[in-house]
Amino acid sequence: MADIHEIQRQIIDEFKALSDWTERYKHIIKHGQNLDSLDEEHKIEENLVRGCQSQVWLHTRLEDGKVVFEADSDAAITKGLVALMVRFYSGQAPETIINTDPTFIQALTNCVENALNSPDRGFVEVTPLKKNLKMYPQERWEWGMTTTAEVWNGRLAMLGFIALLIELISGAGPLHFVGLL
């Protein structure tokens, strides 16, 4: 098994070699396509990652003193990101996992930000909206357990999941980053 720092350097180098943001997204999706599917016996409620809009299953086991991660997702980008995490952490000793900062995540973020902020690529070009896009599933708001309520619940849960990831990865919550704490 390769050293965790070498794996991290390889991941960063792979993404730095890709100049266009679309190539980077395709590379993430390719990682997901190469990830072995999780056995159906492990796609259980206990292994389901909470707070994610996509379904993500994470199964872990200890094998010869090393942690083995197996994962799967029903969304292409999410599965690719999960595959990168599995590649980075799987096969490492628990102490190594705890003591290693996944700096490649920040490096990937920087790559995407640089691509989106390049002079030839504006945010509007990246996220074109359709003219007749329906932002809400129904024309008027209804109270109670409705499709609209579920859409907003999903959006808020995703924001909470992102905040949790930021806190887990950086050790500081989103309120620290905006200077409120």
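Filtering region 51-72 to residues that are surrounded by fewer than 17 Cβ atoms within 10 Å (Cβ to Cβ), without any contact (Cβ under 8 Å) to a residue 40 or more places away in the chain and within 16 Å of the chain's Cα centre (by Cα) leaves 54, 55. Can you work out which of the residues in region 22-60 that are closer than 23 Å to residue 11 by Cβ and among the basic types (Lys, Arg) is modelled with the highest pLDDT? Result: 30.
A count restricted to region 8-22 and to residues that are loosely packed, with under 13 Cβ neighbours inside 10 Å and part of a helix (DSSP H, G or I) stands at 2. Condition (residue is closer than 30 Å to residue 88 by Cα, of a type in the set (Val, Ile, Thr) and at pLDDT 75 or above) applied to region 113-130: is it met by at least one residue? For region 113-130, residues closer than 30 Å to residue 88 by Cα, of a type in the set (Val, Ile, Thr) and at pLDDT 75 or above: absent. Take region 83-101 and flag every residue that is hydrophobic (A, V, I, L, M, F, W, C) and at positive phi. Across region 83-101, there are no qualifying residues.
One residue stands out among those in region 23-38 that are within 16 Å of residue 108 (Cα to Cα) and among the aliphatic types (A, V, I, L, M): the one that is surrounded by the most Cβ atoms within 10 Å (Cβ to Cβ), which is 28.
Of all residues in region 88-112, those that are closer than 27 Å to residue 61 by Cβ and part of a loop (DSSP other than H, G, I, E, B) have Cβ atoms under 8 Å from Cβ atoms of residues that are β-branched (Val, Ile, Thr) and modelled with pLDDT of 80 or more, 6 or more apart or on another chain, in 90/67; 90/68; 91/67; 91/68; 93/67; 100/4. Filtering region 73-87 to residues that are outside any helix (DSSP H, G or I) and either surrounded by 18 or more Cβ atoms within 10 Å (Cβ to Cβ) or touching a Gly at 6+ places or on another chain (Cβ under 9 Å) (or both) leaves 73, 75.
The values are calculated or read from the model by the stated rules, or taken from the named source; none is laboratory data. Treat the numbers as computed from the prediction; the structure is a model and nothing was measured. Don't worry about glycine lacking a Cβ; one is built from the backbone with ideal geometry, like all the others, and counts go over all protein chains shown.
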